[in-house]
1. Please name all residue pairs, on different chains or six or more residues apart, with Cβ atoms under 8 Å, provided the first residue is in region 147-175 and is of a type in the set (Asp, Glu) and the second residue is open to solvent by less than 30 Å² (accessible area, probe 1.4 Å) and not in a strand (DSSP E or B).
2. Pick out, from region 1-83, the strands (runs of 3 or more DSSP E) lying fully within it that include 1 or more residues that are basic (Lys, Arg) and without any contact (Cβ under 8 Å) to a residue 12 or more places away in the chain.
3. Say we look at region 1-32 and pick out the residues that are among the charged types (D, E, K, R) and surrounded by 12 or more Cβ atoms within 10 Å (Cβ to Cβ); which of these is farthest from residue 227 (Cα to Cα)?
4. Just to verify a result, which residue in region 80-93, among those that are farther than 19 Å from residue 175 by Cβ and open to solvent by less than 60 Å² (accessible area, probe 1.4 Å), is farthest from the chain's Cα centre (by Cα)?
5. Taking residue 113, is it open to solvent by 10 Å² or more (accessible area, probe 1.4 Å) and free of Cβ contacts under 8 Å to residues at least 24 places away in the same chain?
6. Residues that are within 26 Å of residue 28 (Cα to Cα) and open to solvent by 30 Å² or more (accessible area, probe 1.4 Å): list the helices (runs of 4 or more DSSP H) wholly contained in region 143-231 that include at least 2 such residues.
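The values are calculated or read from the model by the stated rules, or taken from the named source; none is laboratory data. Keep in mind that this is a model prediction, so the values were computed, not measured. We place every Cβ from the backbone using ideal geometry, glycine too, and count neighbours over all the protein chains shown. The area values use the complete protein model at the heavy-atom level, side chains included, leaving out ligands, DNA and RNA. Shrake-Rupley method; radii C 1.70, N 1.55, O 1.52, S 1.80 Å.
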Amino acid sequence: MGDIILDGNPPVGVTLRRSSRAKRLSLRVSRLDGRVTLSMPARLPEREALAFLREKEDWIRKHLGTRAPEQAAVFGASVPFLGREVEIVPGLGRRALLKDGCLEVPGEPARVAAKVKAFLKLEAQMRLREASDRYAAILKTDYGRITLRDPRSRWGSCTSAGNLMYSWRLVMAPAAVLDYVAAHEVAHRLEMNHSDRFWAHVARVCPDHAAHRRWLHTEGEKLHAWRFETD
């Protein structure tokens with residue numbers, strides 16, 4: 001694996017991945033973080049990969065141009081919380097607090113992003129645990145531990161040991177979307193697949209799951225557009 005740069009305005013970094021399973025050149029532009037990856041057969045000369053990239057440069061830049069613009073968590077910005085925009089304003093105390101529809105954040109401007117992220121992660125932990133407990137009770141199952149991460153390719157996962165992983169950014173989505181992801185992952189405790197039986201379990205506890213999946217597909221990248229100090 002290696003990285004190359006496509007010259008231009010702006011320059012574009014491309015990760016080259018050689019794979020023994022790849023039969024042809026395959027180009028991917030992530031809508032979540034803008035990463036450009038070119039997968040290529042193990043024995044293909046690199047000059048052919050570079051020529052392919054030059055042919056596809058306009059396509060790459062077009063796709064990068066349609067991504068949601070990056071957002072910074074600073075005073076005056078409005079960050080999404082449970083699907084609603086809340087303005088970040090100066091506050092008192094030691095940590096961020098939601099009050100009267102605003103997120104009050106104490107301290108210096110340089111620490112605002114980190115404190116907003118801490119607030120979101122704490123809320124995500126509480127709400128995802130509550131939702132997981134609720135759906136585990138309804139589905140008559142259990143789970144192991146819950147961990148919060150910031151993955152770029154999935155909103156949650158369930159291991160064979162029953163441990164659940166969630167993206168803490170889900171707390172920025174509408175509450176019903178967060179609940180759907182919890183229902184989805186807990187349902188994997190009954191079916192470790194996406195069979196009809198699995199979706200029947202999800203539908204039993206979350207009848208509107210298809211709408212929530214569509215929301216994540218169309219709006220999810222906007223949640224990943226937010227940048228925080230410790231990302």
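1. 150/168; 150/169
2. In region 1-83, 26-29 are the strands (runs of 3 or more DSSP E) which contain 1 or more residues that are basic (Lys, Arg) and without any contact (Cβ under 8 Å) to a residue 12 or more places away in the chain.
3. 18
4. By that ranking, first place goes to 91.
5. No, not satisfied.
6. 209-224
Rundown of residues vs (1) open to solvent by 60 Å² or more (accessible area, probe 1.4 Å); (2) hydrophobic (A, V, I, L, M, F, W, C); (3) under 25 Å from residue 218 (Cα atoms), yes/no style:
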site	(1), (2), (3)
34	no, no, yes
53	no, yes, no
56	yes, no, yes
69	yes, no, yes
73	no, yes, yes
95	yes, no, no
103	no, yes, no
108	yes, no, no
